[in-house]
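Heads up: the structure comes next, in structure tokens.
The values are calculated or read from the model by the stated rules, or taken from the named source; none is laboratory data. Keep in mind that what you see is a predicted model, and the values were worked out from it rather than measured. Because the Cβ atoms are built from the backbone with ideal geometry, glycine has one as well, and the counts that use them run over all protein chains shown.
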Amino acid sequence: MPYSNDNSLLADGAGNAKKAVPQPHSQSQSPQALHPQVVQQQQGQQPQHLVDLLSTPPLLARVTTNDSAHSSASSVSLVSLGRSDSGSALQSLPMVQPTPSQGLHAVHAQKWQHTRLSQLVQPSKLISIPPTLPVEQAFDTLVKHHLSSLPVQQPGQDPTNFSTFDYNDLNFYLLLALGRIPIPEGNTELADLAKRCQGDGVSDNTEVPVGDLVRVTPKDPFFKLAETESLSNAISILASGVHRIAITDVQATQVRGILSQRRLVHYLWENARCFADLEPLLNSTIRDLNIGVINATGSSTTSTILANAATSNSRVISVRGDQPLIDALLKMYNERISSIAVVDMQYNLLGNISVTDVKHVTRTSQFHLLNDSCRHFISVILNLRGLENGGKDSFPIFHVYPTSTLGRTIAKLVATQSHRLWIVQRPVGSAPPVPATDVQGHLHNSQDKDNIPGRLIGVVSLTDVLTALARNQTHHKLIDPQFARKHRSPQ
Amino acid sequence: MMHIDRTIGLLKQGKHVKEEAVYSLCLKLQELLMAEANVTHVDTPVTICGDIHGQLHDLLTLFEKSGGVEKTRYVFLGDFVDRGFYSLESFLLLLCYKLKYPDRITLIRGNHETRQITKVYGFYDEIMRKYGNSNVWRYCCEAFDYISLGAVIGNSIFCVHGGLSPDVATIDGIRAIDRKQEVPHEGAMCDLLWSDPDDVDKWSMSPRGAGYLFGQNEVNQFLHTNGVDLIARAHQLVMEGYKEMFDGGLVTVWSAPNYCYRCGNVAAVLRIEDDLQRNYTIFEAVQPQDGGGNAIIPTKKSQMDYFL
């Protein structure tokens with residue numbers, strides 16, 4: 001039943017898709033109706049398999065100019081993204097205007113690496129906060145503008161050098177206030193901050209300014225690039241695990257925008273059909289590209305996976321569903337990660353907790369959640385998220401397989417607007433149908449039916465996707481996706 | 001039958017039902033549904049109902065405002081459990097009605113009638129709270145596996161919880177699915193319970209992480225291929241209770257008013273007459289009360305609520 005992602009689908013810019021050769025399914029034998037490809041052929045519908053089609057980049061947005069009425073070739077434009085990530089209207093900037101004779105050849109000859117960063121950032125009013133702002137108000141600002149991070153800038157000082165306030169800092173603040181951060185001997189600044197967070201029990205909590213907080217929290221190394229620089233430079237930085245770069249004007253006097261990993265991946269995906277050299281990359285599997293973190297699964301038998309998990313051989317950082325939430329928050333801080341998988345006893349993936357979910361435990365009325373289980377917290381997050389999405393509940397986990405293509409991975413990352421996908425083991429087969437004779441007896445033990453969707457064996461993030469793209473560059477650079485994480489320290 | 005009537009009485013008051021009784025009811029439902037096809041045929045007139053999500057008292061209002069099971073035929077489009085505080089009672093009430101009036105009520109499976117979803121969206125927690133162990137949850141999930149996937153009303157209206165699947169173009173195709181299992185996280189059975197209609201010109205990846213988005217083209221194709229006039233589905237909150245799309249080719253029906261006790265929406269049910277005319281009934285939420293007539297209000301935030 002699961003469709004093999006090994007069918008590579010080649011589609012040229014004119015939209016003529018070569019039909020994928022149907023592979024025999026060696027997986028589960030769950031009897032679907034007719035084989036879907038057969039059904040579609042009979043009905044004269046699209047010849048390619050839908051999953052493969054959606055794993056290839058979208059068709060480009062077209063711009064109608066005054067000239068297009070006369071030219072036979074449509075002017076293909078690069079879609080540039082505005083500041084907001086939340087799916088607001090993409091603005092098309094005419095970048096390539098091929099003459100009828102050039103047609104699509106000019107498009108395919110483009111190298112994405114040479115795209116200027118100015119294409120990706122929309123000059124607009126940047127929201128920033130002064131370092132004197134209390135942490136609580138800084139947090140409110142994040143929530144109000146649906147941001148995950150904010151520049152902390154002192155008015156009057158160099159606007160192109162700044163720190164940031166994000167949910168990692170809020171998590172740190174919470175853990176500090178709860179006395180869970182060990183204070184190294186002699187670190188008076190941290191000790192003082194801890195005292196102020198915790199309050200002295202007599203007078204009111206002194207409001208801690210956000211500037212004091214971000215001075216002591218672990219941070220990605222700060223990078224900035226001029227807008228005239230190319231994507232090639234930006235991707236090298238972002239592929240090392242840095243989450244965002246400041247883009248400045250040429251003179252580096254003002255900040256034009258912030259380029260995040262997510263925006264860059266979205267941009268490349270939306271415009272991938274312009275860049276012919278991306279195609280073979282997108283058709284390669286995660287495993288073949290050797291990106292992401294995958295547990296060694298020479299044999300992916302259950303016992304191996306459980307053994308790995310039990311002896312902490314797993315390279316994927318996780319927490320059990322029955323552990324208290326505070327354990328998950330601590331682990332994220334200690335491991336310098338922004339999201340953690342939540343698994344059950346058999347290492348099946350239940351869901352995940354991101355550092356941004358700290359926003360749900362910032363008030364005293366929510367503190368009980370810290371001692372409740374991680375699984376319970378997941379239900380809190382999912383319930384709230386479903387309501388925020390207008391009553392559209394999402395699947396508890398976003399996942400792919402080691403055999404999924406890079407294209408499929410990016411398509412899902414973009415559609416779900418997430419920063420990472422969990423890699424799970426493919427289910428061995430669907431549960432066997434219940435024989436009639438068993439009905440007389442008892443209700444079946446449903447333990448083995450919990451196998452879906454499979455055990456957690458890895459994770460692939462935006463960083464990993466960018467690593468694959470960066471390594472593909474013509475001038476090969478040594479990319480270490482763990483670079484930023486290893487270097488997260490107080491600035 | 002007396003036993004069932006007594007249970008119905010308890011359920012309507014939100015009172016505790018013994019674990020052994022739940023076991024027995026779930027087993028009986030399995031036996032009954034075993035013989036039911038993936039896509040059941042239903043006659044008009046009939047009332048189509050959307051998501052319930054454990055809002056028992058609003059479910060009682062629904063029956064009150066639409067004639068009740070004794071007098072009216074019903075199709076429930078799934079999502080009986082999760083989120084509301086009375087998931088178990090809501091599901092068991094519908095289960096009892098199905099046992100008592102098997103030809104008057106049709107149940108269709110929603111994406112929440114699964115182990116994986118109920119574990120994190122509230123039903124599992126509710127059972128742990130009410131019983132101290134998860135047995136009742138397991139019994140119900142076993143029963144969920146037998147619930148059918150769709151219905152056709154009078155050869156004209158196709159009913160499903162979520163939407164369409166690119167892997168199944170015909171209703172016959174749905175009939176051949178092996179449904180008696182946990183809902184897979186991809187494939188036709190999954191799509192039918194997870195997909196959403198949207199303003200797209202072709203199939204698209206769903207932001208939910210399961211199922212697909214489909215547009216007018218796909219709906220028209222399906223209606224034409226299968227000779228039906230309407231797709232009736234639920235799965236998405238609608239503030240006005242119901243919403244027609246694609247020139248009346250598809251309707252979303254939502255039957256949980258003031259969803260999660262905070263959304264402020266109204267609910268609707270859709271009655272299909274013998275001449276296939278559509279009549280919508282709108283209803284609002286009631287204040288949920290416990291057995292003693294005391295109002296049950298979800299805990300409000302305390303007055304003193306400090307930041308960290």
- line: Apart from one, (1) under 20 Å from A:VAL242 (Cα atoms); (2) at pLDDT 85 or above; (3) not in a loop (DSSP other than H, G, I, E, B) all hold for A:PHE139; the odd one out is (1)
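One line per residue, one yes/no per condition, for (1) modelled with pLDDT of 85 or more; (2) in contact with a strand residue (DSSP E or B) (Cβ under 7 Å, 6 or more places away or on another chain); (3) within 14 Å of chain A (Cβ to nearest Cβ); (4) part of a loop (DSSP other than H, G, I, E, B):
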position: B:VAL251; (1), (2), (3), (4): yes, yes, no, no
position: B:CYS260; (1), (2), (3), (4): yes, no, yes, no
position: B:LEU270; (1), (2), (3), (4): yes, yes, no, no
position: B:ASN279; (1), (2), (3), (4): yes, yes, no, no
position: B:ASP305; (1), (2), (3), (4): no, yes, yes, yes
field: Filter result (more than 11 Å from chain A (Cβ to nearest Cβ) and either of a type in the set (Gly, Ala, Ser) or within 21 Å of B:GLY50 (Cβ to Cβ) (or both)) within the range B:223-237
entry: B:LEU223, B:GLY227, B:VAL228, B:ASP229, B:LEU230, B:ILE231, B:ALA232, B:ARG233
- request: Please list, ordered by first then second residue, the pairs with beta carbon atoms under 7 Å, 6 or more apart or interchain, first in the range B:94-120 and within 14 Å of chain A (Cβ to nearest Cβ) and of a type in the set (Gly, Ala, Ser), second buried (at least 24 other Cβ atoms within 10 Å of the Cβ) and in a helix (DSSP H, G or I).
  value: B:GLY110/B:LEU193
message: Looking only at the range B:30-51, count every residue that is in contact (Cβ under 8 Å) with a residue 12 or more places away in the chain and in a helix (DSSP H, G or I) and tell me the total.
response: 4
field: Positions within the range B:199-208 being over 20 Å from the mean Cα position of the chain (by Cα), in a loop (DSSP other than H, G, I, E, B) and either at the interface with chain A (Cβ under 8 Å from one of its Cβ atoms) or of a type in the set (Asp, Glu) (or both), in sequence order
entry: B:ASP199, B:ASP201, B:TRP203, B:SER206, B:PRO207
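Table: residues versus (1) within 30 Å of A:PRO58 (Cα to Cα); (2) among the acidic types (Asp, Glu); (3) out of contact with any Ser or Thr (no Cβ under 8 Å at 6 or more places or on another chain).
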{"position": "B:TRP137", "(1), (2), (3)": "no, no, no"}
{"position": "B:ALA143", "(1), (2), (3)": "no, no, yes"}
{"position": "B:ILE153", "(1), (2), (3)": "no, no, no"}
{"position": "B:HIS161", "(1), (2), (3)": "yes, no, yes"}
{"position": "B:LEU164", "(1), (2), (3)": "yes, no, no"}
{"position": "B:VAL168", "(1), (2), (3)": "yes, no, yes"}
{"position": "B:PRO207", "(1), (2), (3)": "yes, no, no"}
- prompt: If you check every pair at least six apart or on different chains, which have Cβ atoms under 9 Å apart with a residue in the range A:369-389 that is farther than 13 Å from B:ASP125 by Cβ and more than 10 Å from every other protein chain (Cβ to nearest Cβ) first and a residue that is of a type in the set (D, E, K, R) and surrounded by 20 or more Cβ atoms within 10 Å (Cβ to Cβ) second?
  reply: A:ARG385/A:ASP393
message: As an exercise: evaluate A:PRO402 against (1) of a type outside the set (S, T, N, Q); (2) within 11 Å of another protein chain (Cβ to nearest Cβ); (3) part of a loop (DSSP other than H, G, I, E, B); (4) surrounded by fewer than 23 Cβ atoms within 10 Å (Cβ to Cβ) and give the number of the one condition it does not meet.
response: (2)
message: Among the residues that make up the range B:147-164, is at least one of them in contact (Cβ under 8 Å) with a residue 24 or more places away in the chain and within 10 Å of chain A (Cβ to nearest Cβ)?
response: no
- request: Would you mind finding the one in B:PHE144, B:PHE123, B:PHE158 that is under 19 Å from B:LEU250 (Cα atoms) and aromatic (Phe, Trp, Tyr)?
  value: B:PHE158
Residue that is nearest to B:GLY154 (Cα to Cα) [pool: residues in the range B:209-222 that are facing chain A (nearest Cβ under 10 Å) and surrounded by fewer than 22 Cβ atoms within 10 Å (Cβ to Cβ)]: B:GLN221
task: Determine whether the range B:8-29 contains at least one residue that is part of a loop (DSSP other than H, G, I, E, B) and within 14 Å of another protein chain (Cβ to nearest Cβ).
output: no
- prompt: What number of residues within the range B:119-151 are touching a Cys at 6+ places or on another chain (Cβ under 7 Å) and either assigned to a strand (DSSP E or B) or within 23 Å of A:LEU384 (Cα to Cα) (or both)?
  reply: 2
- prompt: Which of the residues spanning the range B:176-190 are under 15 Å from A:PHE395 (Cα atoms) and touching a Gly at 6+ places or on another chain (Cβ under 8 Å)?
  reply: B:CYS190
- prompt: Could you count how many residues in the range A:144-163 are surrounded by 14 or more Cβ atoms within 10 Å (Cβ to Cβ) and either assigned to a strand (DSSP E or B) or within 20 Å of the chain's Cα centre (by Cα) (or both)?
  reply: 7
- prompt: Looking only at the range A:230-276, which residues are part of a loop (DSSP other than H, G, I, E, B) and touching a strand residue (DSSP E or B) at 6+ places or on another chain (Cβ under 9 Å)?
  reply: A:GLY241, A:HIS243, A:ASP249, A:VAL250, A:GLN251, A:ALA252, A:GLN254, A:ASN271
